Amino acid sequence: MQFRLNAFCSRGTTDMFSRRAFLGGSLATCATSFARGQTSEPQPTILRLERRDIEVNGKAASILDIRQPGGMLGVETEVGKAFRVRVENHLSEPSLIHWHGLKPPWRQDGVPGISSPPIAPGESADYDFPLTFDGTFFMHSHQGLQEQLLMSAPLIIRDPQAPKQQEIIIELADFSFTPPEEIYAGLRKPAMGVMSGMSMGAGMADKPDMKMGGDAKPDLNDVKYDAFLANRRTLADPEVTKVEAGGMALLRIINGSAMSAYHIDLGQIEGDLVAVDGHAVAPIRARRFPIAPAQRLDIGLIFPKGPGAYPILAILEGDRSQTGVILVAGDAEVRRAPELADQASAPLDFDLESRLRAEDPLAAQQADRVHRLELTGAMSGYQWSINGVAYTKDTPPLPVFAGERVELVFVNRTMMSHPMHLHGHFFQVVDINGERFAGAMRDTVLVPPKTTVTVAFDADNPGWWALHCHLLYHMEAGMFTTIRYV
């Protein structure tokens, strides 16, 4: 389905784009004024891009929001319906929203300069495409560094035929009072020292031939954040949700953080991981599950009989900082959970990923095309790249043909993990460090330091698509490329 607009217009876009807005002005979509007339078609869901204040650690904080007029964050809908949405930009700056994990027509993907120009202040853009699968997804800005200002929201697609049960949506975020442009500028300084809003981190990323092992440790947490949030709140004032004693609930956990990975800690109860990135997996029961930036976990819970309070925590990778929500059954006493865990968590690794098995895997097929993507970088000057090339508008896209089975081989040459995300497609994890297996279907896979991960996808959505590290400042620095159908 084509990108639908109430009126056609063209606009010079070059002066609106940052490094990752890619200067693709010839791929213009059109924004429409809020005041223009409505069509006779069914009314779309309205999403307003707005600035608002919240309180973090007792201080006022200005963030960006994606809300419906009634106050709901994001969109909740059903498979089989059309995704008919109008995004209104009520900000004083351009913006554009990406539908993370969905398969829209290329022009509706929401990447400035790749699929469309940003939406100017006071204007809007319409989106309309079918929803053919259900799952836990999310939406976020792809304009500049707006994602760091919490411009993201859940995008939940339910199966109307599935049994009804309580659902608990948890969106994680990392927060800093330091403006994101200042954080990024500090990271880019040639001789970086520890300062407000950032940490040394990644100090060995400029030694690409160093092998893991011995005393070598992965570099974690480039940015020192002021708070970690679950549904816009800290553990000093957490969201408290009532659940049924002895009942069931489905956790839909979204890591909307700009730079932070976590371990989900269910505390005293076990959960069944039933889907990752919106795609079903053979259930795995545990009390802890890792989640990288942009990934999602669906976890089924069965609560003990009788009253109880159950903190669902997200512990920062390699750190003691944590956030979360509290689930309460019956008249149980609710106690404040500490914002520091008893001990630092471990770095994320392949322990879970290597055990995941897709419930609906790709058909067995040899790859028609293989692209090898070395993840490269240096902490000096905060340089991040793919195959040694920091992305610019002149970087050639990776070619694919419609109908091909394509494999992407991610080879991490750095001492930092990189969550790699492909737009407009989902893929299957098929190889970790040379071991082939039929892993999970995903749209974002974590590639830990000095490791190799291969994913496979079917080229079934023609267009020009982004492929990048989902660490915001790594992407901004150049760990980004594109795939284009030829």
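Every residue in segment 423-442 that is open to solvent by less than 20 Å² (accessible area, probe 1.4 Å) and among the charged types (D, E, K, R), please.
We begin by selecting, within segment 423-442, every residue open to solvent by less than 20 Å² (accessible area, probe 1.4 Å); these are 423-425, 427-432, 439-442.
Matches in segment 423-442: Asp431, Arg442.
May I ask you to list the residues in segment 364-388 that are out of contact with any Lys or Arg (no Cβ under 6 Å at 6 or more places or on another chain), open to solvent by 70 Å² or more (accessible area, probe 1.4 Å) and not polar (S, T, N, Q)?
Answer for segment 364-388, where residues must be out of contact with any Lys or Arg (no Cβ under 6 Å at 6 or more places or on another chain), open to solvent by 70 Å² or more (accessible area, probe 1.4 Å) and not polar (S, T, N, Q): Ala364, Val370, Arg372.
Quick one: would you say Gln68 is open to solvent by 10 Å² or more (accessible area, probe 1.4 Å) and either among the polar types (S, T, N, Q) or farther than 22 Å from Ile254 by Cβ (or both)? Reasoning before the result, please.
Numbers: open to solvent by 10 Å² or more (accessible area, probe 1.4 Å): yes; either among the polar types (S, T, N, Q) or farther than 22 Å from Ile254 by Cβ (or both): yes.
For Gln68, the condition - open to solvent by 10 Å² or more (accessible area, probe 1.4 Å) and either among the polar types (S, T, N, Q) or farther than 22 Å from Ile254 by Cβ (or both) - is met.
Results for (1) farther than 15 Å from Pro94 by Cβ; (2) modelled with pLDDT of 95 or more; (3) in contact with a Ser or Thr (Cβ under 6 Å, 6 or more places away or on another chain), shown as yes or no for each residue.
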| position | (1), (2), (3) |
| --- | --- |
| Arg20 | no, no, no |
| Ser26 | yes, no, no |
| Arg36 | yes, no, no |
| Ile46 | yes, yes, no |
| Leu49 | no, yes, yes |
| Gly58 | yes, no, no |
| Ala61 | yes, yes, no |
| Leu64 | no, yes, no |
| Arg67 | yes, yes, no |
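Of the residues that sit in segment 257-284 and are open to solvent by less than 20 Å² (accessible area, probe 1.4 Å) and not hydrophobic (A, V, I, L, M, F, W, C), which one is farthest from the chain's Cα centre (by Cα)?
Per the criteria, the residue is Gly271.
Report, by residue number, each residue of segment 84-125 that is open to solvent by 10 Å² or more (accessible area, probe 1.4 Å) and assigned to a strand (DSSP E or B).
Arg84, Arg86, Glu88, Glu123 - these are the residues of segment 84-125 that are open to solvent by 10 Å² or more (accessible area, probe 1.4 Å) and assigned to a strand (DSSP E or B).
Would you mind finding the one in Ile183, Ile169 that is more than 30 Å from Asp394 (Cα to Cα) and either surrounded by 24 or more Cβ atoms within 10 Å (Cβ to Cβ) or in contact (Cβ under 8 Å) with a residue 12 or more places away in the chain (or both)? Walk me through it before giving the result.
Numbers: Ile183 fails: more than 30 Å from Asp394 (Cα to Cα).
Answer to the check: Ile169.
Condition first: within 16 Å of the chain's Cα centre (by Cα), assigned to a strand (DSSP E or B) and crowded, with 24+ Cβ neighbours inside 10 Å. Now tell me which residues in segment 285-314 satisfy that. Steps first, please.
Of the residues in segment 285-314, the ones within 16 Å of the chain's Cα centre (by Cα) are 290-298, 314.
Still in the running and assigned to a strand (DSSP E or B): 290-291, 296-298, 314.
Result: Ile291, Arg296, Ala314.
Which of the residues belonging to segment 126-144 are in contact (Cβ under 8 Å) with a residue 60 or more places away in the chain, assigned to a loop (DSSP other than H, G, I, E, B) and over 15 Å from Leu49 (Cβ atoms)?
Passing the criteria: Phe133, Asp134.
Please find, within segment 145-165, the residue that is nearest to Leu96 (Cα to Cα) out of those that are open to solvent by 10 Å² or more (accessible area, probe 1.4 Å) and in a strand (DSSP E or B).
Pro154
The values are calculated or read from the model by the stated rules, or taken from the named source; none is laboratory data. This one's a predicted model, so the numbers in the text were calculated from it and none came from an experiment. No Cβ is skipped: glycine too gets one built from the backbone with ideal geometry, and neighbour counts run over all protein chains shown. Please note that ligands, DNA and RNA were not included when accessible areas were found on the heavy atoms of the full protein model with its side chains. Shrake-Rupley method; radii C 1.70, N 1.55, O 1.52, S 1.80 Å.
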